[in-house]
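S.K.: Take a look at the following structure, please.
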Amino acid sequence: MNQDFLAALEAIEKDRGISKDTLFDAIEAALISAYKRNFSTSSNVKIYIDRDSGEIKVYKCLTVVDNVERPQQEISYEEARSINTAYKIGDVLEKEVTPKNFGRIAAQTAKQVVIQRIREAERELIYEEYVDRLDDIVTGVVQRFEQKNVIINLGKTEAILPPPEQIPREHLRQGDRIKAYITEVKKTTKGPQIIVSRSHPGLLKRLFELEVPEIYDGIVELKAVAREAGGRSKIAVWTRDKNIDPVGACVGPRGSRVQTVVNELKGEKVDIVEWSEDPQVYIAHALSPAKVIRVKTNESEKSAEVVVPDYQLSLAIGKEGQNARLAAKLTGWKIDITNESATREDLNEEIN
């Protein structure tokens, strides 16, 4: 092992953060296997690499015994004493057996070990980077499709967008640049496996944090998110600052901020409503864009009866019940919607 190789190990330690001692230990362990494989020996051997010169030496480990029965593993007491009078029965004598042509094998083995360790270190760094980014957004390029999974190139590594995490009816193409939400990072034998989502409510939350400085800075708080990916979503926002309109801040000048989010989600509609600690007010806001006449709540059952104008009933319920369903998810309340006429008829029946 020459000085150039030692210099390379120092450079790896500096650039990759892999300890030179760790590399030496790994190379020595690999060289033992290489020695046994190439020199057909099952005897116990040790290999030492001089940390300064790079010189490699192979030693056979022999146990000192009275009567030698296994010559490949034992040495007689007399012979051991002829080498060094300090040896006693049971001691292990290390006898140098370095082959003349071992340098070439050593160099090849060392190179393979170093390459492997660099790969392992890079995988570990990638894992550490992305495990710290759980519940965060990444931007990548659609690289290929494997069965129903979408493989996204993140630069240093790839992420998997599985079918349940895809937006229904979204047609991604190779080369599309998209944002996704990291839901899981796992260690595997092939390196870190990063699972991302386009349908997770967290993606909507992170997109608004990116687009709305007031949310990122904590001036406007995003209190709740309800999402049916690919169809419609609702978010509830609030602020302590009475001089700021939290809904207006999220909508942006001429709707620019919310439109950027909608474009990223390929046209998914987003309703932005103001959160309130008063359940009746909050539920009324959550049913936007429908107008609400009144809300009656039952705290024990966490249910609400909502009355809307006749012409607003279908809007309040939404297509296939979507608006009412999202409002219930957003608020955490069970919502029952009736129109004004039906309520008036029920009241008249009670009076009569």
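The values are calculated or read from the model by the stated rules, or taken from the named source; none is laboratory data. These numbers come from a predicted model, not from an experiment. Neighbour counts are summed over all protein chains in view; Cβ atoms, including those assigned to glycine, are modelled from backbone coordinates with ideal geometry.
S.K.: Across the stretch 73-100, which residue is nearest to Asn38 (Cα to Cα) among those that are in contact with a Phe, Trp or Tyr (Cβ under 8 Å, 6 or more places away or on another chain) and assigned to a strand (DSSP E or B)?
M.R.: That would be Glu96.
S.K.: Being assigned to a strand (DSSP E or B), in contact (Cβ under 8 Å) with a residue 24 or more places away in the chain and farther than 21 Å from Lys269 by Cα is the filter here, so list the residues in the stretch 147-184 that pass it.
M.R.: Residues of the stretch 147-184 that are assigned to a strand (DSSP E or B), as a first pass: 149-153, 158-161, 177-184.
Now drop any that are not in contact (Cβ under 8 Å) with a residue 24 or more places away in the chain, which leaves 152, 158-161, 177-184.
Within the stretch 147-184, Ile152, Glu158, Ala159, Ile160, Leu161, Ile182, Thr183, Glu184 qualify.
S.K.: Let me ask another. Just give me the residues in the stretch 68-78 being loosely packed, with under 15 Cβ neighbours inside 10 Å and either modelled with pLDDT of 90 or more or closer than 25 Å to Asp25 by Cβ (or both), in sequence order.
M.R.: Residue satisfying the conditions is Glu78 alone.
S.K.: Could you list all residues from the stretch 101-146 that are polar (S, T, N, Q), loosely packed, with under 15 Cβ neighbours inside 10 Å and part of a helix (DSSP H, G or I)?
M.R.: If we filter the stretch 101-146 for residues that are polar (S, T, N, Q), which is where we start, we get 101, 108-109, 112, 116, 139, 143.
Within this subset, residues satisfying the condition of being loosely packed, with under 15 Cβ neighbours inside 10 Å are 101, 108, 112, 116, 139.
Answer for the stretch 101-146, where residues must be polar (S, T, N, Q), loosely packed, with under 15 Cβ neighbours inside 10 Å and part of a helix (DSSP H, G or I): Gln108, Gln112, Gln116.
S.K.: Kindly indicate the residue of the stretch 188-208 that is at pLDDT below 95 and touching a helix residue (DSSP H, G or I) at 6+ places or on another chain (Cβ under 6 Å) and also farthest from Asp135 (Cα to Cα) among those meeting that condition.
M.R.: The extreme case among them is Gly191.
S.K.: Continuing with this model, one more query. What do you reckon, is Thr157 in contact with a His (Cβ under 9 Å, 6 or more places away or on another chain), outside the structural domain of Lys205 (by TED's automatic domain parsing) and surrounded by 15 or more Cβ atoms within 10 Å (Cβ to Cβ)? Talk me through it step by step, then tell me what you get.
M.R.: Working: in contact with a His (Cβ under 9 Å, 6 or more places away or on another chain): no; outside the structural domain of Lys205 (by TED's automatic domain parsing): yes; surrounded by 15 or more Cβ atoms within 10 Å (Cβ to Cβ): yes.
In short, no.
S.K.: Tell me yes or no: at least one residue of the stretch 3-13 is aromatic (Phe, Trp, Tyr) and part of a helix (DSSP H, G or I). I'd like the intermediate steps shown before the answer.
M.R.: Step one: filter the stretch 3-13 for residues aromatic (Phe, Trp, Tyr), giving 5.
Okay, now just the ones that are also part of a helix (DSSP H, G or I), so 5.
Yes, some residue in the stretch 3-13 is aromatic (Phe, Trp, Tyr) and part of a helix (DSSP H, G or I).
S.K.: When only residues in the stretch 36-45 that are surrounded by 15 or more Cβ atoms within 10 Å (Cβ to Cβ) and at pLDDT 80 or above count, which is farthest from Asp21 (Cα to Cα)?
M.R.: Asn44
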